[in-house]
1. For the stretch 54-63, what are the residues that are under 21 Å from V164 (Cα atoms) and open to solvent by 10 Å² or more (accessible area, probe 1.4 Å)?
2. State which residue is nearest to D135 (Cα to Cα) when the search covers only the stretch 158-178 and only residues that are loosely packed, with under 15 Cβ neighbours inside 10 Å and small (G, A, S).
3. Please list, ordered by residue number, the helices (runs of 4 or more DSSP H) wholly in the stretch 121-226 having 3 or more residues that are within 24 Å of F80 (Cβ to Cβ) and in contact (Cβ under 8 Å) with a residue 60 or more places away in the chain.
4. Residue pairs, Cβ under 7 Å, 6 or more apart or interchain, first in the stretch 297-323 and farther than 21 Å from T131 by Cβ and modelled with pLDDT of 95 or more, second open to solvent by 40 Å² or more (accessible area, probe 1.4 Å) and of a type in the set (A, V, I, L, M, F, W, C). List them.
5. Sort out which residues of the stretch 357-384 are within 19 Å of the chain's Cα centre (by Cα) and open to solvent by 30 Å² or more (accessible area, probe 1.4 Å), and write them in order of number.
6. Please enumerate the residues belonging to the stretch 335-355 that are small (G, A, S) and under 27 Å from T131 (Cα atoms).
7. In the stretch 64-79, how many residues are in contact with a helix residue (DSSP H, G or I) (Cβ under 9 Å, 6 or more places away or on another chain) and surrounded by fewer than 24 Cβ atoms within 10 Å (Cβ to Cβ)?
Amino acid sequence: MLDELARIGRDPATNGYVRDAWSAADLELREWFRGEAGRRGLDVREDRNGNLWAWWGDPSRRPGVVTGSHLDSVRQGGAFDGPLGVVSAFAALDVLKNRNFMPGRPLGIACFSDEEGARFGVPCMGSRLLTGVLDPERALGLTDDEGDTLAEVMARAGREPRAVGRDDETLAMVGTFVELHVEQGRGLVELGSPVGVASAIWPHGRWRFDFLGEANHAGTTRLVDRDDPMLPFARMVLAARETAAAHGVVATVGKVRVSPNNANAVPGSVSAWLDVRGAREQDVRAVVGALAQGVAVSEESWTPVVDFDAALRDRVAKVAGDAPVLPTGAGHDAGILASAGVPSAMVFVRNPTGVSHSPQEHAEPGDCEAGVVALANVLEDLCH
């Protein structure tokens, strides 16, 4: 299944993936999901927010056990972040059917919409809307790089934008959620284990910094006469690194928009997006506060610390072969559902290099297979 997905949204120049939400690649991935579900006789439903659910059994009669992940990607991302969880969900279901297992509870496979937030800037869009964490009006007004709103993009894809928002009917069908994901670090390499279980997700957020100056000619404007917003922007980037180190967190400026973006002009404005993550919220907030002096800053997303349900976490770890338990600094749909009160857990598959959000992202076939078996065992245990 990973081989089938490998061609969709792939940039031949870099071997990275560009799978923005509601793009042609995303729509093709959704059809692939429907096809895989149909081949297994599953009932596919799309909720009000564009999330896909494939069911073995009727979840309207009893809340089910759900696994899955997402198929969209960061721009120039890798092949495993998201797709491994969806593919492993289908593969785990195949394992269960080969065991002649009949679930005592409905079993679902989810494909969440716009987990990465690459197009509209807010991660886990589908699960945030589903749980009511994200205001629908704010979401529909978000714009992509072309100036198109989410409402316009969804309408062009044949969806009803006015329907988005908290979906209690769908939430009521999810009794437990377990997400498998490639690890985005080297924790399992250091622990010598092919699979692990998440204990918590660090608090993290994204902030937009807007630096204003005056556009002018690069050759005729004296240095003393310039109001160049690149200078405070550059100071902020350096300060972010230093301040993050002082507070024991990580900070990243990975997206910048310069206007008018001419090589022969002093910029008139610079917008930069800061991502900060750490084990403690107060340390993350302290870094942002220190950098926000004298500049316009807006918070685009915030996810508080997520401590996964301890009893479920320990049960999953035991069934998965006494898998080690470790925290993560990466956000996931499982974290959004857990924060909304849905008992949730995560299974990680070892990443030999720790590289993620990059074409170099990788997981060995043997480790992926170990993840499928672990997930199948967990689903069998939870579905009794």
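1. Once the filter is applied, which keeps residues that are under 21 Å from V164 (Cα atoms) and open to solvent by 10 Å² or more (accessible area, probe 1.4 Å), the stretch 54-63 yields only S60.
2. Here is the first cut: in the stretch 158-178, the ones loosely packed, with under 15 Cβ neighbours inside 10 Å are 158, 160, 162-163, 168-169, 172.
From what is left, the residues that are small (G, A, S) are 158, 163, 172.
On the way: G158: 21, A163: 12, A172: 20 Å.
Among them, the one singled out is A163.
3. On the way: elements: 125-131, 136-141, 150-156, 168-171, 187-191.
Of the helices (runs of 4 or more DSSP H) lying wholly inside the stretch 121-226, those with at least 3 residues that are within 24 Å of F80 (Cβ to Cβ) and in contact (Cβ under 8 Å) with a residue 60 or more places away in the chain span 125-131, 187-191.
4. A317/V325
5. Once the filter is applied, which keeps residues that are within 19 Å of the chain's Cα centre (by Cα) and open to solvent by 30 Å² or more (accessible area, probe 1.4 Å), the stretch 357-384 yields H357, P359, Q360, H362.
6. Here is the first cut: in the stretch 335-355, the ones small (G, A, S) are 335, 338-341, 344-345, 354.
Result: G335, A338, S339, A340, G341, S344, A345.
7. The number of residues fulfilling the criteria is 1.
Residues checked against (1) more than 23 Å from the chain's Cα centre (by Cα); (2) acidic (D, E):
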{"position": "V276", "(1), (2)": "no, no"}
{"position": "E281", "(1), (2)": "no, yes"}
{"position": "A290", "(1), (2)": "yes, no"}
{"position": "S298", "(1), (2)": "no, no"}
{"position": "S301", "(1), (2)": "no, no"}
{"position": "L312", "(1), (2)": "no, no"}
{"position": "V319", "(1), (2)": "yes, no"}
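The values are calculated or read from the model by the stated rules, or taken from the named source; none is laboratory data. Predicted, not measured: the structure shown is a model, and the values here were computed from it. Neighbour counts run over all protein chains shown; Cβ positions are idealised from the backbone, glycine included. In case anyone asks, the SASA skips ligands and DNA or RNA and just uses the protein heavy atoms, side chains included. Shrake-Rupley method; radii C 1.70, N 1.55, O 1.52, S 1.80 Å.
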